[in-house]
1. Sort 9-21, 28-40 by the packing proxy (mean of other Cβ within 10 Å over each peptide's residues), most packed first.
2. So if each residue of separation counts as 0.36 nm, and I subtract the Cα-Cα distance between residue 7 and residue 44, what length gain in nm does that give?
3. Give me the accessible area per residue for the chain, probe 1.4 Å, as a whole number in Å².
4. Inverting the mean 1/r over all pairs of different Cα atoms, compute the Kirkwood radius of the chain and quote it in Å.
5. What are the ³J(HN,Hα) couplings of the range 9-14, residue after residue, when phi is run through the Karplus curve with 6.51, -1.76, 1.60 and θ = phi - 60°? Round to Hz, x for glycine and proline.
6. Using each residue's phi in the range 46-61, evaluate 6.51 cos²θ - 1.76 cosθ + 1.60 at θ = phi - 60° and report the 3J(HN,Hα) Karplus result to the nearest Hz, with x for Gly and Pro.
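The values are calculated or read from the model by the stated rules, or taken from the named source; none is laboratory data. Note that the structure is predicted; figures quoted are calculated from it, not measured. Here Cβ is always computed from backbone atoms with ideal geometry, including for glycine, and neighbour counts include all displayed protein chains. Side chains included, ligands, DNA and RNA excluded: accessible areas come from the protein's heavy atoms. Shrake-Rupley method; radii C 1.70, N 1.55, O 1.52, S 1.80 Å.
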Amino acid sequence: MKKLLSLLRKVIFSFFILYGFNMIASDFNIIIPINVITISLVSFLGFPALFSLVLLFVLVY
């Protein structure tokens, strides 16, 4: 039960990280979609995953 609660906390925190980043970076037209893949990446890998998603977005578009 403790692990499930920890995982749920990480998922909710990663959702808020992505939402906050999208609010800040919307002026620069950098929007990372909030879906299952991005939330799972950020919840398991943390901020380096967010930075690599931004880098991937900048390189592709």
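1. Top of the packing list down: 9-21, 28-40.
2. Full extension from residue 7 to residue 44 adds 12.4 nm.
3. Result: 80 Å² of accessible area for each residue.
4. Every distinct Cα pair counted, the radius reaches 11.9 Å.
5. Whole-Hz 3J(HN,Hα) from phi for the range 9-14: 5, 5, 5, 5, 5, 5.
6. Using θ = phi - 60°, the values come out as x, 5, x, 5, 5, 5, 6, 5, 5, 4, 5, 5, 5, 6, 6, 9 Hz.
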